Structure formats: C-alpha cells, structure tokens
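Report on one structure; see the data block that follows.
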Amino acid sequence: MLSAVLEKYVFAQNENGQEQALFWFQKSAEQGNHLAQNYMGKIFENSQDEEVANWYRKAAEQGNRQASESLGRMYFVGKGVAKDFEEAANWYRKSTPKNTEKEWGDGSSERTDVSWLRKAALKGHARAQNRLAEIYEQGTGVPKSYKECLKWYTRAAHQGDDQAQLALGRLLEAWGESAEALVWFHKAGEQGNYLAQAELGDHYQTGGNDDQAFKWFRLAAEHGHGSAQYHLGLMHRNGRVTPVDFQEAIHWLRRSAEQDHLPAIGALQKLEHSLKV
C-alpha cells in the first residue's frame, strides 16, 4: 500500500499540479519509501544524472527491483556514475526475481554476470573481456571453454590489459608456446605486473640468462613477490651478476621468509648460521 504521503502525491498530481506533487513525492522519498525513491529517480532521469543515481540507489538498497535494474543500466552506460560493468551486473542481478532457493543456488547469478560481462566485452571493455575469459577458464556458471577463454584473453591483451597479458602468457606456456608466451609476459611486466615480472625471472634463470633474471626478479621482489625475493636473495648470496653481498642476501631472504616462503626460511637460517660460525 502507498503511504499517506504518497496518497497526497497522487491527489496533488491530479488536482494541484506537478510542483506540489513533487513536494509530496520527495517528502515520502526522504522518509525512506522505496516506491517514492524509485519514482524520484524516474522524474530526474533526463536531467540530473547524479540525483537519479542517488534516488535509484536508495530504492535499490531497500530491494526495489525496478530501481536496481535502472541503477544497473546507469553503471553499464556510465550515466551519472563512473562506468563499472561489475557494479552493473551486481545491480542487474538484484533486479532478477528469486523464484526459489534452488534456482539461486545453481549458478543463475553467475549466468547473469556472464550476460552483462559479455555485453561489456562485445563493446570492447578490456577488463570485462579479461573477466569473461577467467569465467570460461574456470567454468564459473558456464561450461569450461579454452577456446572462449583464449579468445577473450587475446582481445583484452591486445588492448593492453596487463592481467589478460599475464593469463594469456601462462596459457600459451602451458601449451608449449614458450616464445609467444614470453612476448606477453614482457608486455605485462613492462606495465608493472609483478606476477609477470616473476615469470620472466623464472624464464630467464632457467635459460641461463642471469642478467635478465636478476633484473626481473628484482622488480618483482620490490613489489613484494615472495618467490622473486627468495631468488634475488640467492643471487646476492652466490654472487651471480652482482658481487657477493650477504647483508643484501639476508634482507631479501628475510622478506621472503616473512611471507612463509619455505625455501627462503631454510636458506635464511642456513646463511645466518654460517655467518655466526
């Protein structure tokens, strides 16, 4: 049922004009009536974008499905709010009726996310393309499809998304395409992706290129990557590329050990013991 204030709005709209109607509508909305809040969003929809989002959000947070859908649409197109496809999917999902607990426990929410992410991905949004690829790789709410995940990782990677470049590199390396994988690791690493930097360090160390291994391990270590800190510590301990420096070795091994990296804990204890003897 409409509140007493909303009933006054209906009367005012019919008898006393829009200005008085708006007064009563806003009064009801400010008192927390989600129906009024939703209609306030509709009233301002073609003018004050931020005001629209504000009223839709208030109604949506109270479970108003129409407002949730409208707010999701605003996030999807970036109207009145920053464009955010994950937020769009979140509000759109809340606008979907929950018919049964079983229906919402069998991945239907994930399917809604996939629907919105696909729309965003087709519009060229790189992060949405990367997230869609992850969903296909993991089989979250959809059947696993390496063909689909490769397609979307590749599209996002070509747009410069460092997470997609890293993921694409890992996929290619797993499939034996090491040379092409290295290209994508470089692209991600050069953007500051520390996971890609650690991958590069591992690759060059395995290949015997200590100069490059040291460079990439150091970059990843400075970003807090535990394994890279361990390898960098060993390089300082053993004098590979850089002069032997036990203090620097202890510094990096300790930082790695603090992250519970077991090889670093063992190496640190052994080095500290040898220096005390």
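Rounded, prolate or oblate: pick one for segment 194-277, where a ≥ b ≥ c are the square roots of the eigenvalues of its C-alpha gyration tensor, a/c under 1.5 means rounded, and failing that, prolate if a/b is larger than b/c, else oblate.
Oblate.
Would you mind getting me the FRET efficiency between Glu51 and Ser115? Use the beta-carbon distance for r and R0 = 25 Å, nearest 0.05.
0.30
Relative contact order of segment 194-277: what whole-number percent is it, with Cα pairs under 8 angstrom and at least 6 residues apart?
The normalised contact order for segment 194-277 reaches 21 percent.
Could you size up the charge dipole of segment 120-277 around its Cα centre, putting +1 on the beta carbon of Lys and Arg and -1 on that of Asp and Glu, and report it in debye to the nearest 20?
Computed charge dipole of segment 120-277: roughly 260 debye.
Just report the Cα centroid separation between segment 258-276 and segment 158-220, whole Å.
Segment 258-276 and segment 158-220 have Cα centres separated by 27 Å.
Debye calculation, C-alpha points only, no solvent: report log10 I(q)/I(0) for segment 109-191 at q = 0.11, 0.13 Å⁻¹, in the same order as the q values.
One equal scatterer on each Cα of segment 109-191 leads to -0.26, -0.37.
No lab work stands behind these numbers, since they all come straight from the coordinates. Computed from a predicted model, the values in this text were never measured in an experiment. Ideal geometry is used to build each Cβ from the backbone, glycine not excepted, and the neighbour counts take in all protein chains shown.
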